[in-house]
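Working notes, structure below.
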Amino acid sequence: MEREYMKYDVVIVGAGPSGLAAAIRLRQLAAESDKDITVCVVEKGSEVGAHILSGAVLEPRALNELIPDWKEKGAPLNTPVKEERFLLLSEKGSTSIPIWMLPPQTQNHGNYIVSLGNVCRWMAEQAEALGAEIYPGFAASEVLYTEDGAVAGIATNDMGVAKDGSHKDSYQPGMELRAKYTFFAEGCRGHLTKGLEQRFGLREGVDPQTYGLGIKELWELDPAKHSEGLVLHTAGWPMDDKTWGGSFIYHLDNNQAYVGFVVGLDYENPHLSPFEEFQRFKQHPAIRPMLEGGKRVVYGARALNEGGLQSIPKLIFPGGALIGCTAGFLNVPKIKGSHTAMKTGMMAAEAAFDALAGGDEGYGLLSAYPTAFEGSWVYEELYKARNLRPAAARWGMKLGMAYGGLDLKLLGGKAPWTMHHKHKDNETLRPASEMPKIDYPKPDGVVSFDRLSSVFLSNTNHEEDQPVHLTLKDPDVPIAYNLKIFDEPAQRYCPAGVYEVVRDGDGGNPRFVINAQNCVHCKTCDIKDPTQNIVWVAPEGGGGPNYPNM
């Protein structure tokens with residue numbers, strides 16, 4: 001069946017901070033110059049913000065540039081940071097590190113504790129008011145190309161396809177959204193971006209990307225234990241020194257707090273479970289009393305880029321550009337990427353506008369975008385931060401953080417060398433027989449919980465009768481190789497209980513089961529699977545988590 005199509009000047013894949021900033025900037029420039037630049041944003045979540053999960057403490061620098069009167073326009077930045085704490089945890093105790101001792105890049109004066117999902121909902125309103133079209137509930141599943149091989153837009157996936165591939169009564173073919181330029185703002189580990197990187201060699205000459213898995217809960221705290229505007233970070237326990245990780249607790253308004261934990265996905269021990277480490281963290285004597293008497297109301301998880309400047313791929317290719325976290329602009333010491341994502345979306349928008357307004361027919365290289373990036377404050381930030389994460393990978397958390405502190409605080413991030421990431425995260429696991437097993441305590445239902453009750457709080461839903469979106473290149477690998485060598489780590493690295501190894505009553509005949517209905521679209525499996533046998537593809541648009549206030 002031939003697909004219907006719509007034509008635009010610019011199509012943007014993903015309604016996150018970078019995609020929406022790009023849409024807003026394009027329409028601002030069009031209004032200022034009285035030129036009609038048509039802009040479409042397609043978003044796989046059921047609504048804008050449904051799939052957005054971030055800490056989040058927002059540095060408003062890019063927003064100040066994009067919408068200077070954001071306060072008057074009602075942007076949901078309601079909780080300025082008032083107090084900061086940093087704790088180094090041992091198993092039973094904690095040491096408070098004075099904030100003045102930390103590098104200035106890690107400090108949060110002038111920032112805001114926000115729901116990034118709600119910020120994106122507000123940004124979508126601003127974009128639509130300027131004339132951008134936004135279509136949530138439609139997943140981009142295919143990149144379109146011209147005869148010359150340039151990107152020419154995207155196609156949304158077909159709706160109403162049964163698990164066996166047949167067409168249900170509700171079948172609707174996907175639509176082509178054709179564009180002179182296409183921006184990919186898919187967030188971390190974008191599934192279309194992976195194909196673009198391979199097709200155009202975008203990762204040639206750069207370090208492998210390295211990732212973390214962030215797991216987050218929204219809590220309603222006992223009012224007596226709530227401190228609006230408090231930002232608390234921890235490092236140390238329950239991570240061992242070889243494993244990158246740490247926590248965040250952000251007290252927003254209305255007696256609410258975001259509680260989260262990040263584990264670097266370059267960890268070695270296949271017995272490690274990031275979800276269980278997070279539950280164990282909440283039992284620490286410095287943390288549990290804060291949560292007791294409170295109520296957990298939302299749960300979610302998402303991978304994040306941690307490679308920094310060394311791992312950013314080429315940003316442009318014929319007909320398109322990578323913006324935001326799909327390219328990897330997170331500033332690791334700051335634990336922030338939304339402000340850099342917004343700014344890169346703005347720079348790409350300005351490059352596309354200048355080209356189109358000058359009579360460009362499209363499908364070329366927006367070379368002004370990477371040039372602008374290299375001269376921007378985003379590049380300056382990431383350059384200063386470039387050595388912290390690889391130092392921790394090389395020397396461990398304690399020495400790596402000590403080095404990072406000296407580099408950032410004493411040298412201003414201008415050390416005359418650049419350290420590099422040597423391995424992809426899927427290459428770092430050691431055989432299960434060589435690594436210690438970890439005895440995780442059972443959840444108590446008070447501050448620690450199991451996976452399935454957690455996934456319930458993510459409001460995750462997928463149309464059940466559809467092709468499984470977690471695909472296997474070789475269905476034999478999970479049992480024949482991963483189980484044999486690594487005790488099939490997918491059972492543990494997935495924070496949503498998607499993957500199971502089930503056996504007969506006698507413990508024999510192991511089988512690999514994929515519970516795709518549980519998937520929260522975190523992308524961890526696509527990153528950490530040892531042989532890259534698991535490939536995440538887009539399910540029907542509108543599926544996945546529905547995060548409120550995350």
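When the solvent-accessible area of the chain is split by element, carbon and sulfur atoms take up 51 percent of it, the probe being 1.4 Å.
With a cut-off of 10 Å between beta carbons, the residues surrounding Trp395 carry a summed charge of +2, where Lys and Arg count +1 and Asp and Glu -1. The amide H of Lys82, built 1.01 Å from its N in the peptide plane, has Leu230, Val231 as neighbours under 5 Å, considering only residues 5 or more places off or on other chains. Work out the count of Lys pairs in the stretch 373-492 where the Cα-Cα distance is under 25 Å, with the pair 8 or more places apart or on different chains. Lysine pairs, 8 or more places apart or on different chains, close enough: 16. Please give the net charge around Gly190, taking every other residue with its beta carbon less than 14 angstrom from that of Gly190, where Lys and Arg add +1 and Asp and Glu add -1. Net of charged neighbours comes to +2. Here the calculated FRET efficiency for Glu292 and Asp34, from their Cβ-Cβ distance with R0 = 51 Å, stands at 0.30, rounded to the nearest 0.05.
Give the separation of the Cα centroids, the stretch 373-397 to the stretch 523-544, in Å. Centre-to-centre distance over Cα atoms comes out at 27 Å. Normalised per residue, the accessible area of the stretch 367-483 is 56 Å², obtained with a 1.4 Å probe and no contribution from ligands, DNA or RNA. Summing +1 for each Lys or Arg and -1 for each Asp or Glu, what net charge is found among the other residues whose Cβ lies under 9 Å from the Cβ of Thr326? Neighbourhood net charge equals 0. Taken one residue at a time, the phi angles of the stretch 311-323 give Karplus couplings (6.51, -1.76, 1.60, θ = phi - 60°) of 9, 6, x, 4, 8, 10, 7, x, x, x, 7, 9, 9 Hz. Gly and Pro are set to x. For Gly153, the residues whose amide H sits under 5 Å from its own are Leu144, Ala179, ignoring neighbours fewer than 5 places away on the same chain, with H placed 1.01 Å from N. Calculated accessible area for the stretch 1-128 comes out at 44 Å² per residue, all protein chains present (probe 1.4 Å; ligands, DNA, RNA ignored).
Applying a DSSP loop filter and a limit of 15 other Cβ atoms within 10 Å to the GluC sites (Glu not before Pro) in the stretch 1-108 leaves Glu2, Glu4, Glu72, Glu91. Derived value for the stretch 358-491: Kirkwood hydrodynamic radius 20.9 Å. Basis is the mean of 1/r over every pair of different alpha-carbon atoms. With the simple model of a label 7 Å out from the Cα in the direction of the Cβ, His109 to Phe456 spans 4.6 nm.
Which stretch or stretches of the stretch 511-537 have amide N atoms under 20 Å from the point lying 7 Å from Ala480's Cα along the Cα→Cβ direction? The answer is 511-514, 529-535, whose backbone nitrogens lie closer than 20 Å to the label point. What the phi angles of the stretch 99-106 give under the Karplus curve with 6.51, -1.76 and 1.60, with θ = phi - 60°, is a coupling list of 4, 5, 7, 7, x, x, 5, 8 Hz, glycine and proline written as x. Over the residues of the chain, the helix contribution to mean residue ellipticity at 222 nm works out to -7000 deg cm²/dmol, using -39500 (n - 2.57) for each DSSP H run of at least 4. Per-residue surface analysis assigns Asp504 an accessible area of about 70 Å², computed on protein heavy atoms at 1.4 Å probe radius. Working value for the stretch 108-266: equivalent-ellipsoid semi-axes of 38, 23, 18 Å, each the square root of 5 times a Cα gyration tensor eigenvalue, largest first. Remark: the stretch 495-503, residue by residue, has Karplus-estimated 3J(HN,Hα) of x, 10, x, 6, 10, 9, 10, 9, 10 Hz, where x stands for each Gly or Pro and the curve is 6.51 cos²θ - 1.76 cosθ + 1.60 at θ = phi - 60°.
The Cα center of the stretch 173-214 and the Cα center of the stretch 11-54 differ in position by 17 Å. Residue separation of Glu500 and Tyr135 scaled by 0.36 nm, minus their Cα-Cα distance, works out to 127.9 nm of gained length. In nm, give the distance between the simple-model label positions of Met6 and Glu91, each being 7 Å from the Cα along the Cα-to-Cβ direction. It works out to 5.9 nm between the two label points. The largest-to-smallest principal axis extents of the Cα set in the chain are 65, 58, 47 Å. Over the stretch 175-280, accessible surface divided per residue gives 28 Å², non-protein components excluded, 1.4 Å probe. Loop-resident trypsin sites (Lys or Arg not before Pro) (DSSP state other than H, G, I, E or B) in the stretch 1-94 with no more than 16 further Cβ atoms inside 10 Å of their Cβ: Arg3, Lys35, Lys71, Lys73, Lys82, Lys92.
The values are calculated or read from the model by the stated rules, or taken from the named source; none is laboratory data. Only a predicted model underlies this, so the values are computations on that prediction, with no experimental measurement involved. All Cβ positions, glycine included, derive from the backbone under ideal geometry; neighbour counts span all protein chains shown. These accessible areas exclude ligands, DNA and RNA; they are computed on the full protein's heavy atoms, side chains included. Shrake-Rupley method; radii C 1.70, N 1.55, O 1.52, S 1.80 Å.
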